[in-house]
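Below is one structure, written out as C-alpha cells; comments come after it.
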Amino acid sequence: MQKFKIAVIAGDGVGQEVIPQGKRVLDQAGRKHGFELEYEDHDWGADYYFRHGHMSPALFLDILRPADAIFLGAVGHPMIPDNVTLNGLLLPIRRKFDQFANVRPAILYPGVQSPLALRKGEKIDMVVVRENTEGEYAQVGGFVYQEQPDEVAIQTSVFTRRGIERVIRYAFELSRKRDGKRRVASITKSNAQGYGMVLWDRTFQLVAEEFPEIQTESLLVDAAAMNFIRRPESFDVVVGSNLFGDILSDISAIIVGSMGLAPSANLDPTRRFPSMFEPVHGSAPDIFGKGIVNPMATIFSAAQMMDHLGNPAAAKDIEGSVAKVLSAGKIRTPDLGGSSTTTQVTDAILDALG
C-alpha cells in the first residue's frame, strides 16, 4: 500500500472548517484506491501570531521539507496586515520550495449557474497557470523616509528568462495533456511595461515554436479580463505573471459559479520539494464559524494533490463525486444558492464517492 506524509496547515478562518472535510474525503479515497495518508498537523497562522508574534516558528520550512505534499486551508486575519500574514507563512513556502507553477482550474460544472448569461455546464473549462515565485511579487524594493510626510516606496518587479520560460513551458505541456482545445493564451502588458513584459513576450514566442500543434494568442491583461467575460469558452490554458495570474484566476473562479469551487496547486513540477494544495477562497472571516463555507474547493484541491502524487484514478474519482453532487443540485451551500451546511455537502460527496 502506498503511504504519503501530508503536512497540514488549516490556518485561519474557514480554513479550519474546510481542511477537516478535505481529510475525510482523502481518507475515504485512500480506502477505496489503496493508499494511506499520514497527516502532520501544524497550528500555524493568525492564532499562532497572536501567541508568539510571528505566523510560524523560525524553522518551519525545515519542518515541512520531508512531507510528500502540503495541504493548506487559508491565511489571513482582519487584525493582521495581509503583508504580515502572507510573508510570514504562505509566500516563503512558495519561494523556498520553488513552487513556480500555480495551477488554478476553472470548470463550469453541470448543475451550476454561471453569473454570465446563457453559459451552461461544460461550456467553460480553462486553467490559469500563474508564475508563482518572482514577477511583481518578488518583494524587491524598500522605503525611504518611512512614515514621514515625504515617504517614498520603491517596488521592483523581477522577471528572469529562466522563470518565464519554465512556467510557459509548463503551460504548453499542460495544454498538450488536456482533452480539449489545445490553446495557450499568454497574458502580457508589454505596451506599458517595456522590459519585463517584453522579455515575457519574446520568451513565449520562442517556447511556442516547440509546440507547433498548439494554437496561441497573446493578450494584454485588460483585454484578457474583458475576454474572460465575453468569450470564456474559448480559453484552454492561460499563462501569466504572478500579478496577472492572481487577478485573472479570481475572475475565472467567479464566472464558473463561486469562489467556493476554486482549487489551486502550488507546484514544483521537478518534485525536488513538496508541492502545496489550497482552496483559492481565503479565510472568509465574514462566514467563519457559521458552518456554511463551501468545502468543494478544498476537496478539488485534494484531488489535485492525489494526481500530483501519482494517483490519477483517485483524483478523477474525487472530482467526479463532487461533480455528481453539483449536478444533482440538492445539497449545496449558500454561495451556490442552497442552505446546506459544510458537513452536509461533504457527507453527500462521500456518499457519491462510495
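Please treat every number below as a calculation from the coordinates, not as lab data. Not measured: the values here are computed from a predicted model. Don't worry about glycine lacking a Cβ; one is built from the backbone with ideal geometry, like all the others, and counts go over all protein chains shown.
Quick look at the values:
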read-out	value
Listed residues 146, 205, 215, most fluctuating in the chain (Gaussian network, C-alpha, under 10 Å)	146
Signed unit charges on C-beta, dipole axis of region 125-255, positive-most listed residue 154, 175, 243	175
Highest-fluctuation residue, 284, 208, 117 considered, GNM on the chain with Cα pairs under 10 Å	117
Rounded, prolate or oblate (a/c below 1.5 giving rounded, otherwise prolate when a/b exceeds b/c) for region 125-255 by Cα gyration tensor	prolate
Within straight-line cross-link reach of residue 96, lysines at Cα separation under 30 Å, skipping those fewer than 8 residues along the same chain	3, 5, 23, 177, 189, 316
Antiparallel DSSP beta bridges within region 125-255, as percent of all bridges there, nearest 5	30 percent
